[in-house]
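Colleague: Have a look at this one before I ask anything.
The values are calculated or read from the model by the stated rules, or taken from the named source; none is laboratory data. Just so we're clear, the structure is a prediction, and the values are computed from it rather than from any experiment. Glycine also receives a Cβ, built like all others from the backbone with ideal geometry; neighbour counts cover every protein chain displayed. With ligands, DNA and RNA removed, areas are computed over all heavy atoms of the protein, side chains included. Shrake-Rupley method; radii C 1.70, N 1.55, O 1.52, S 1.80 Å.
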Amino acid sequence: MTKAFGYAALGSATPLAPFHFERRALRANDVDIRILYCGVCHSDLHSCRNDWGNARYPLLPGHEIIGEVVALGPEVTRHKVGDKVAVGCLVDSCMRCDSCEAGQEHNCEQGSTGTYNGKDRITGELTMGGYSDHVVVREEFVLKAPHGLDLTRAAPILCAGITTYSPLRHWKVSKGTKMAVVGLGGLGHMGVKLAVAMGADVTVITTSEGKRADAQALGAHDVLLSSDRSAMKAASRRFEFILDTVPVAHDVAPYLRLLKPEGSLVLVGAIDMLPTFHTGLLLGGRRSLSGSAIGGIAETQELLDFCAEANILPDCELIDIQDINMAWDRMERSDVKYRFVIDMASLNKDRPTD
Ligand code: NAP
Ligand code: ZN
């Protein structure tokens, strides 16, 4: 075992606070990673507050990890000490089922192992995430940070990026696709950047009038204020594809009305009960309502490489870990442009001096 240090929640109503714990000793195929940066996802907040009813405490969040390899198990072949690497939302899966063999480890038929709030497949111990100084991960789940990628800004690619990239690819968004992104937050702003890079005609649908100029600066061709009923009405049947990143339960009917016939509304935000809506909105026009969660390991590597090559980087506010509770408050108020990233060197300020 090695000593580890980070910020964890001890219960659903407690703020994140410094937390000492132990990481497992390296197994033969494990990589030990010193964490440099960790992105702050809205799922971190949902998890610690037990919004999804599955929290296990102490809960140490963080699944957008950029770091450097500091030690290796004896059988590791894919990485070497000093490599710059990344870890996303998954740290293990069965690697044998049809989903895993198809590169869909997140859909593992035995259940994949989350980077935090998961159970190690061998010992059953709780997995602890990236708001910490180092992490031990099986080598297949460690991604390579491509040369030239700005590591200070890359972390959100590991969740906000892949969660938007994977559905854009699956629903074949490409040059000229008329599409919209609902919610301009961490996921939404990556969805806009990636879709624009794919050549799509992108509209941002937002609750925040103040984000109009930002949306355009990110490359959006149009902006719709969801509270503007006449603008929403005028946009009916406009889009082939809508990516909905709203983090809470909400009425999807206004968005279904914006779909062309055969169009798809894909939910990636709310993990919740939705208010009922009239099925005529699906039957009429053969529209689809679907969901999508993160993406597989190979697809995440493909995205990291794509971002490095196309120079697509999240817009980040770099913070010290000591400011994490303030950052969560701001994220809840949709007041972040557009992802907080923790500079993990700041953890040293909390270490006792000898
Ligand atoms: P975020 O940074 O807080 O962004 C969410 C955005 O949604 C806000 O900026 C806001 O944009 C809009 N919004 C917030 N509250 C709203 C409300 N009550 N009604 C309508 N719009 C609202 O969050 P995030 O990190 O992007 O995460 C978004 C959601 O995706 C979270 O629920 C998270 O847990 C989930 N998630 C899912 C996956 C997956 O695998 N499917 C992966 C990661 C995260 P505007 O100001 O533009 O309206
Ligand atoms: Zn996330």
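Colleague: Does Leu72 count as closer than 30 Å to Asp335 by Cβ, open to solvent by 20 Å² or more (accessible area, probe 1.4 Å) and more than 16 Å from ligand 1 (Cβ to nearest atom)?
Modeller: Against the criterion (closer than 30 Å to Asp335 by Cβ, open to solvent by 20 Å² or more (accessible area, probe 1.4 Å) and more than 16 Å from ligand 1 (Cβ to nearest atom)), Leu72 does not qualify.
Colleague: Picking from Val70, Val136, which residue would you name as being over 23 Å from Leu313 (Cβ atoms) and in contact with a His (Cβ under 9 Å, 6 or more places away or on another chain)?
Modeller: None of the other options fit; the residue is Val70.
Colleague: Against the conditions (1) under 18 Å from the mean Cα position of the chain (by Cα); (2) polar (S, T, N, Q); (3) open to solvent by 50 Å² or more (accessible area, probe 1.4 Å), where does Gln301 fall short? Just the number, please.
Modeller: Single failed check for Gln301: (3).
Colleague: Show the residue pairs that are 6+ apart or on different chains and have beta-carbon atoms under 8 Å apart, the first residue being within the stretch 226-249 and under 15 Å from Ala180 (Cα atoms), the second being open to solvent by 40 Å² or more (accessible area, probe 1.4 Å) and not in a strand (DSSP E or B).
Modeller: Ser226/Thr207; Ser226/Pro254; Met232/Pro254; Met232/Arg257; Ser236/Arg257; Arg237/Arg257; Phe241/Trp171
Colleague: Same structure, new question: Given (1) buried (at least 18 other Cβ atoms within 10 Å of the Cβ); (2) aliphatic (A, V, I, L, M); (3) more than 12 Å from ligand 1 (Cβ to nearest atom), where does Leu26 come up short, assuming only one miss?
Modeller: (1)
Colleague: In the stretch 133-215, which helices (runs of 4 or more DSSP H) lie fully inside it and hold 2 or more residues that are in contact with a Gly (Cβ under 6 Å, 6 or more places away or on another chain)?
Modeller: Passing ranges, in order: 160-170, 186-197.
Colleague: So if I check each of Val196, Val202, which one is open to solvent by 40 Å² or more (accessible area, probe 1.4 Å), of a type in the set (Val, Ile, Thr), more than 13 Å from ligand 1 (Cβ to nearest atom) and under 22 Å from the mean Cα position of the chain (by Cα)?
Modeller: After ruling out the rest, the residue left standing is Val196.
Colleague: Of all residues in the stretch 259-278, count the ones that are of a type in the set (Ser, Thr, Tyr) and in contact with a strand residue (DSSP E or B) (Cβ under 8 Å, 6 or more places away or on another chain).
Modeller: Final tally of qualifying residues: 1.
Colleague: Against the condition more than 16 Å from ligand 2 (Cβ to nearest atom), of a type outside the set (A, V, I, L, M), free of Cβ contacts under 8 Å to residues at least 60 places away in the same chain and touching a strand residue (DSSP E or B) at 6+ places or on another chain (Cβ under 9 Å), how does Asp222 come out, does it pass?
Modeller: So Asp222 passes the test.
Residue-wise test of (1) in the same structural domain as Ser132 (by TED's automatic domain parsing); (2) in contact (Cβ under 8 Å) with a residue 60 or more places away in the chain; (3) within 16 Å of ligand 2 (Cβ to nearest atom); (4) part of a loop (DSSP other than H, G, I, E, B).
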position: Ala28; (1), (2), (3), (4): yes, no, no, yes
position: Val31; (1), (2), (3), (4): yes, yes, no, no
position: Ser47; (1), (2), (3), (4): yes, yes, yes, no
position: Trp52; (1), (2), (3), (4): yes, yes, yes, yes
position: Ala55; (1), (2), (3), (4): yes, yes, yes, yes
position: Ile66; (1), (2), (3), (4): yes, yes, yes, no
position: Pro74; (1), (2), (3), (4): yes, no, no, yes
position: Thr77; (1), (2), (3), (4): yes, yes, no, yes
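Colleague: Mind checking whether some residue in the stretch 236-251 is surrounded by 18 or more Cβ atoms within 10 Å (Cβ to Cβ), within 14 Å of ligand 1 (Cβ to nearest atom) and in a helix (DSSP H, G or I)?
Modeller: No, the conditions are met nowhere in the stretch 236-251.
Colleague: Scan the stretch 3-18 for residues that are open to solvent by 20 Å² or more (accessible area, probe 1.4 Å), in a strand (DSSP E or B) and either among the small types (Gly, Ala, Ser) or touching a residue at least 60 places away in the same chain (Cβ under 8 Å) (or both) and report the count.
Modeller: So the answer is 2.
Colleague: What are the residues in the stretch 257-273 that are modelled with pLDDT of 95 or more, surrounded by 13 or more Cβ atoms within 10 Å (Cβ to Cβ) and more than 17 Å from the chain's Cα centre (by Cα), if any?
Modeller: Residues satisfying the conditions are Arg257, Leu258, Leu259, Lys260, Gly263, Ser264, Leu265.
Colleague: Would you be able to tell me the number of residues in the stretch 85-131 that are under 28 Å from Asn348 (Cβ atoms) and more than 16 Å from ligand 2 (Cβ to nearest atom)?
Modeller: Number satisfying all stated conditions: 4.
Colleague: Condition test on Ala253, is it more than 16 Å from ligand 2 (Cβ to nearest atom), among the aliphatic types (A, V, I, L, M) and under 21 Å from the mean Cα position of the chain (by Cα)?
Modeller: The answer is no for Ala253.
Colleague: Among Lys144, Lys172, which is open to solvent by 10 Å² or more (accessible area, probe 1.4 Å), on the phi > 0 side of the Ramachandran plot and not hydrophobic (A, V, I, L, M, F, W, C)?
Modeller: Of Lys144, Lys172, the one residue that is open to solvent by 10 Å² or more (accessible area, probe 1.4 Å), on the phi > 0 side of the Ramachandran plot and not hydrophobic (A, V, I, L, M, F, W, C) is Lys172.
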